[in-house]
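Please treat every number below as a calculation from the coordinates, not as lab data. All of these numbers come straight from a predicted model, not from anything done at the bench. As a convention, Cβ positions derive from the backbone with ideal geometry for all residues, glycine included, and neighbour counts pool all protein chains shown.
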Amino acid sequence: MDIEWWQLAPPHEFPSKPPLLCKEGGDFASSSGNLVTWAAAGNTVGNFDNNEWMKYSNINFGDSPQYSQIMIRYSKDGGTPSGKLEAKLGPSYNNGTVIGNFVNPSITGSYDTFVEAYFSITDSIQGTHDVTFTALDTGAGFMNIEWWALVV
């Protein structure tokens, strides 16, 4: 028997693709705005609003390009699907290279109802980088983020 990967996770959170690097939403190194984290909810980040950002430091993409998507577990309440979550490499939210965008995330029904989604990223990334997520073109209450993962 060959096992490519395994992960301990409750059945409702088990990803359909193997994550090769997974970070909890609240594990950011720095951020802006009035972000709230709930340790009891798996270190979920909430109150993520327009022009706010979260930087995750020292994300190792490996010695050769291998990741093509980010999988994100998020919730979104009310309104219409709008805005985007911009993923960027570099030292700060306003300085760096955009590697992907999660555009018009679907409404999940409430901030307590989480779903997984994928968005493409530049597939030539290698080495260790800071990754910053910024909420753009949206109003208040853009989304909550439980976790995100780099996937092939």
Quiz prompt | Selected residue (criterion: farthest from Arg73 (Cα to Cα)) from residues of segment 99-113 that are surrounded by fewer than 17 Cβ atoms within 10 Å (Cβ to Cβ) and among the hydroxyl-bearing types (Ser, Thr, Tyr) | solution = Ser110
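Quick check on Thr134: is it closer than 21 Å to Gly26 by Cβ, hydroxyl-bearing (Ser, Thr, Tyr) and not in a strand (DSSP E or B)?
Numbers: closer than 21 Å to Gly26 by Cβ: yes; hydroxyl-bearing (Ser, Thr, Tyr): yes; not in a strand (DSSP E or B): no.
Answer is no for this residue.
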Practice problem: Could you run through segment 61-96 and say how many residues are in contact with a His (Cβ under 9 Å, 6 or more places away or on another chain) and closer than 14 Å to Thr132 by Cβ? | Solution: 3
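Across segment 42-62, which residue is surrounded by the most Cβ atoms within 10 Å (Cβ to Cβ) among those that are among the small types (Gly, Ala, Ser) and outside any strand (DSSP E or B)?
Narrowing segment 42-62 to residues among the small types (Gly, Ala, Ser): 42, 46, 57, 62.
Subsequent filtering for residues that are outside any strand (DSSP E or B) retains 42, 62.
Values: Gly42: 16, Gly62: 14.
The residue in question is Gly42.
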Self-check item: Residues of segment 100-131 that turn out to be under 21 Å from Leu89 (Cα atoms) and either free of Cβ contacts under 8 Å to residues at least 12 places away in the same chain or in a strand (DSSP E or B) (or both), as a count
Solution: 12
Quiz prompt | Output for segment 66-95, where each listed residue is in a strand (DSSP E or B), crowded, with 16+ Cβ neighbours inside 10 Å and in contact with an Asp or Glu (Cβ under 8 Å, 6 or more places away or on another chain) | solution = Met71, Ile72, Arg73, Tyr74, Ser75, Lys84, Leu89, Gly90
